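The values are calculated or read from the model by the stated rules, or taken from the named source; none is laboratory data. As the structure is a prediction and not an experimental result, all values here were calculated from the model. Every residue, glycine among them, receives a Cβ derived from its backbone with ideal geometry; neighbour counts consider all protein chains shown.
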Amino acid sequence: MYRGRGLEGKSAEGLYLPGKIAAPTGWRVGPGPRATWRWWVAGELFRAWAGFAIRTVFCWAARALGLGTGRAIWPIGVGLGPGPRERALANDDKTWWYMPLKNACFISFRNGQYDLTNRFVTDLHRGLCNELEAQLGRGIDVFFDQERLKGGYFFNEVIAEELCQSACLVLVYTPSYFDVEHAYCAREYRGMLKLEEQRLALLKDDIKRTHGLIVPVVFRGDKYLPAEIGSVRHSYNFDQFSLSDRCMSKHKKYAPVLTEIADYIAERYRDLSPQLTAVDCTQFTLPSVDDIKPWLVNVTAPPMPLPGRSK
């Protein structure tokens, strides 16, 4: 309490009491009751103004992110109008997206029952995670569907959303990647082709538009790589990888290649991020098997000849 210099305070009931609190809000007595109430009023006005300013900043930030409801947000009924998300939806604007890119890349591969394929894609995933964390920081994922490594795999439609939230597709090619009977890899590839066309069109730099978003990694069967991939896209060859090799990130031959792949993916992520500040993937679906089957028949690798027989 303020007890110096023999000053007195005025209580809430209007009585002068030495050294007491001057107002119900807890303000201490200064030089006298008039000054006390002036300070109290000034404090209340400041708190009201500061609260209004903070709420206004948060509200406009929500509008900028498309989180507004268009309804009144203040008790007095003052609204800020519809946000960009609502305006886009009202105008059926398909270029509005809701979330930033979640994944730097999506690893697409044909599942295997034995150790070689599993070891390769696991090493690839771990290596890219290490490299891309160094490039882009924490929080940017590399999507890797570990359920695919288990037998009896059923295609999960949630993968479509993860693909849409990825900057690039890492295509782990084997001759069985494009398979008419098991077309999930082909659907992922065709889905990214569609996203690639849409997203590259958003880039203003002509040179950046020449950098594709599909990165072929040839695990086996380089000679069977479809011409529409091998003739227009640079691919990375890992066909000498074996179970006896060291971890890919520590391998003298493969570690520099892994770094080069990660550098390319990081650059594509940086190119797209300013254009795709928020991505709506809730409505994105992969093409159906019926839609891609005529194309798939043409790109499927020819069957391997039986031992001892000519092609």
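Taking the conditions exactly as written (in the same structural domain as Phe120 (by TED's automatic domain parsing) and over 25 Å from the mean Cα position of the chain (by Cα)), does Pro216 satisfy them or not? When the stated conditions are applied, Pro216 does not pass them. Selection over region 197-218 of residues that are closer than 18 Å to Ala186 by Cα and without any contact (Cβ under 8 Å) to a residue 24 or more places away in the chain gives a count of 2.
Among the residues of region 194-217, those identified as surrounded by 16 or more Cβ atoms within 10 Å (Cβ to Cβ) and either of a type in the set (A, V, I, L, M) or within 20 Å of Val289 (Cβ to Cβ) (or both) are Leu195, Leu200, Leu203, Leu213, Ile214, Val215, Val217. Among the candidates Arg38, Arg138, Arg71, the residue that is exposed (fewer than 15 other Cβ atoms within 10 Å of the Cβ), in the same structural domain as Cys185 (by TED's automatic domain parsing) and modelled with pLDDT under 90 is uniquely Arg138. Name the residues in region 236-263 that are closer than 27 Å to Ala183 by Cα and not hydrophobic (A, V, I, L, M, F, W, C), would you? Residues satisfying the conditions are Tyr236, Asn237, Asp239, Gln240, Ser242.
Listed here are the residues, each with its yes/no results for (1) of a type in the set (Phe, Trp, Tyr); (2) free of Cβ contacts under 8 Å to residues at least 40 places away in the same chain; (3) farther than 21 Å from Phe120 by Cα.
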{"position": "Arg220", "(1), (2), (3)": "no, no, no"}
{"position": "Leu225", "(1), (2), (3)": "no, no, no"}
{"position": "Arg246", "(1), (2), (3)": "no, yes, no"}
{"position": "Lys252", "(1), (2), (3)": "no, yes, no"}
{"position": "Asp271", "(1), (2), (3)": "no, no, yes"}
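Filtering region 294-301 for residues that are among the hydroxyl-bearing types (Ser, Thr, Tyr), assigned to a loop (DSSP other than H, G, I, E, B), buried (at least 18 other Cβ atoms within 10 Å of the Cβ) and touching a residue at least 40 places away in the same chain (Cβ under 8 Å) leaves a non-empty set.
Let's see how each residue does on (1) within 22 Å of the chain's Cα centre (by Cα); (2) assigned by TED's automatic domain parsing to the domain that holds Phe178; (3) of a type outside the set (Lys, Arg); (4) under 24 Å from Tyr184 (Cβ atoms):
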| position | (1), (2), (3), (4) |
| --- | --- |
| Lys250 | no, yes, no, no |
| Tyr254 | no, yes, yes, no |
| Ala266 | yes, yes, yes, no |
| Asp271 | yes, yes, yes, no |
| Pro274 | yes, yes, yes, no |
| Thr277 | yes, yes, yes, no |
| Phe284 | yes, yes, yes, yes |
| Pro287 | yes, yes, yes, yes |
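For region 255-286, the set of residues classified as assigned to a loop (DSSP other than H, G, I, E, B) and either in contact with an Asp or Glu (Cβ under 8 Å, 6 or more places away or on another chain) or aromatic (Phe, Trp, Tyr) (or both) consists of Cys281, Thr282, Phe284, Thr285, Leu286, listed by residue number.
Taken together, the criteria place Cys281 among residues that are in contact with a Cys (Cβ under 7 Å, 6 or more places away or on another chain), modelled with pLDDT under 95 and not aromatic (Phe, Trp, Tyr). For Arg119, indicate whether it is part of a helix (DSSP H, G or I), touching a helix residue (DSSP H, G or I) at 6+ places or on another chain (Cβ under 8 Å), at pLDDT 90 or above and surrounded by fewer than 22 Cβ atoms within 10 Å (Cβ to Cβ). Against the criterion (part of a helix (DSSP H, G or I), touching a helix residue (DSSP H, G or I) at 6+ places or on another chain (Cβ under 8 Å), at pLDDT 90 or above and surrounded by fewer than 22 Cβ atoms within 10 Å (Cβ to Cβ)), Arg119 does not qualify. Is there a residue in region 91-108 that is at pLDDT 95 or above and either more than 14 Å from the chain's Cα centre (by Cα) or assigned to a helix (DSSP H, G or I) (or both)? Yes - at least one qualifying residue is present in region 91-108.
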